[in-house]
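Have a look at the structure below before the remarks.
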Amino acid sequence: MEVRYWETQIETAPRKAIEKLQLKRLKHMIEYVYWKSPFYGRKFRELGLHPSDINSLGDVRKFPFTTKDDLRKHGYPHGGEFLCVPREEVVCWHMSSGTTGVPILGGYTRQDYDTWMNLVARCYVTAGVKPGDIIMNIYGYGLFTGGLGLHESAFLIGATVIPWSTGRTQALIKSLIDFKATVMSGTPSYQYYIASLVKEMGIDVERDLNLRITIPGAEMWTEEMRRRIEEWLGLKAKGGGARDIYGATELCGPGAGQECIYEKGFHFWIDHFLLEIIDPKTSEPVEPGEEGEMVFTHLVKEATPLIRYRLGDITILDDEPCECGRIAFPRCLRVRARVDDVIHFKGIKIMPSMIQETILRYKEVLEYQVVVDKTKLPYDFVVKIEVPKVYESSLLVEKLLNDFKNNLFIEPKIEVVEPGSLPRFEGKSKRVIVKE
Ligand SMILES: [Zn+2]
């Protein structure tokens with residue numbers, strides 16, 4: 001497999017060189033927010049912290065965490081107390097779809113925007129996208145960073161982008177064929193829906209589809225889902241695959257990490273974001289290989305930089321050098337869940353990814369939905385599955401029930417429902433419903 005780089009010198013630098021760069025940038029960033037950010041300036045002074053306290057990367061732990069609550073209380077609108085530049089220097093705002101009423105913001109100066117586009121270009125190239133590729137971008141365009149984030153960056157690498165956004169899925173599939181699209185970026189749920197339609201329509205993917213790479217992101221997905229997307233769209237046969245992109249509104253949007261052609265978790269771009277993985281309960285650092293919550297500090301950001309921001313995403317860090325040569329950039333073995341999305345059921349913690357892994361292991365299952373009803377006593381845990389009409393499902397139900405008991409230590413009710421009766425998703429999915 002051919003490995004290509006966007007910024008060869010940085011991407012192939014040894015860890016020591018990147019750490020040196022990180023420390024230089026961290027010192028500058030702490031100094032910057034100390035003087036420019038009303039929020040951090042006040043907080044650091046209250047705690048007796050000073051920029052001169054940073055002498056090593058580990059010294060960042062002297063500084064307090066920043067939380068989503070801090071952003072909601074002090075960062076809205078126009079970045080509130082987090083804004084470090086005159087308001088007029090902000091060229092755009094993105095917002096996350098907060099459920100609590102106050103959105104989380106991401107603000108960009110002209111330079112922040114260029115930095116972002118450059119990072120996404122790095123992601124595209126890391127995923128194996130080349131000049132001349134035709135990218136069908138099916139992330140939603142708007143306040144969500146996905147659509148616009150993967151749009152302009154495509155120009156930088158010399159690719160063509162079709163800003164489909166979401167919807168009109170049959171017409172979208174026709175365009176994939178007519179335009180000979182080679183790359184598709186969008187949520188894994190929408191890619192999965194498209195792939196299942198392509199399969200259902202009996203399209204000859206080897207002959208009629210040119211898709212080689214897909215770039216799923218913005219929500220949790222699993223190896224089982226990857227296998228299906230790759231198989232149903234014929235990506236492996238063309239030397240490509242489905243490769244995870246990582247991001248969040250608070251970081252910069254998509255572009256903070258990207259899975260390379262070896263598909264072993266996404267490389268996190270630590271030259272831009274200092275990464276810590278902590279135990280969400282004790283807030284102490286965990287070792288690579290152990291599960292923990294991602295915490296990041298902006299190293300390059302003008303408008304609204306964040307220090308030790310608790311992302312809430314749970315992952316496992318793999319610090320073994322990757323065959324692609326990006327040896328300084330550790331890989332995150334997928335985001336398994338957001339802390340908020342973990343289901344607490346009868347004293348057991350269940351991640352939505354564990355449910356997906358368990359269910360989609362059975363190729364007969366086309367779609368599923370989980371309903372946890374905590375308004376009832378005892379709680380209800382119902383797993384609804386769709387299987388083809390002709391399929392005799394009693395053995396499958398039995399096997400699935402055993403898997404849930406053995407792997408997740410719960411005994412759900414399993415209901416087999418009519419094919420096509422469960423929702424399909426054109427953006428982020430909602431397969432797990434918790435009633436409280
Ligand atoms: Zn790699």
Sorted from largest to smallest, which semi-axis lengths in Å does the alpha carbon gyration tensor of the chain give for its equivalent ellipsoid, taking the root of 5 times each eigenvalue? 36, 27, 20
Taking Cα atoms only, helix 394-403 is inclined relative to the longest principal axis of the chain by an angle, in degrees rounded to 10, of 30
Among Pro388, Leu422, Val432 - extreme Cα towards positive end, dipole of segment 343-435, charges at beta-carbon: Val432
Angle in degrees between helix 188-200 and the longest Cα principal axis of the chain, rounded to the nearest 10: 30
In terms of the charge dipole of the chain, which places +1 on Lys and Arg and -1 on Asp and Glu at the beta carbon, the residue among Val3, Leu26, Phe268 farthest towards the positive end is Leu26
If the convex hull is drawn through the Cα atoms of segment 343-435, its volume per residue in Å³: 100
Could I have the simple spin-label model distance between Leu57 and Lys405, label points 7 Å from Cα toward Cβ, reported in nm to one decimal? 4.7
Amide H to amide H under 5 Å from Met136: which residues, 5+ apart in sequence or cross-chain, H placed 1.01 Å off N in plane? Ile162, Thr182, Val183, Met184, Ser185
Would you work out the charge dipole size for the chain about its Cα centre, treating the Cβ of every Lys and Arg as +1 and the Cβ of every Asp and Glu as -1, and quote it to the nearest 20 debye? 480
Selection from Val371, Ile307, Gln258 lying farthest towards where the dipole of the chain points positive, charges on Cβ: Ile307
Please list, ordered by chain and number, the residues whose modelled amide H lies under 5 Å from the amide H of Ala242; skip anything fewer than 5 residues away on the same chain. Thr214
Can you tell me the Rg and the Dmax, both Å, for the Cα atoms in segment 130-233? 12.8, 37
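Every number in this text was worked out from the coordinates using simple rules, so none of it is lab data. Computed from a prediction, not measured in an experiment: that's the story for all the values here. Because the Cβ atoms are built from the backbone with ideal geometry, glycine has one as well, and the counts that use them run over all protein chains shown.
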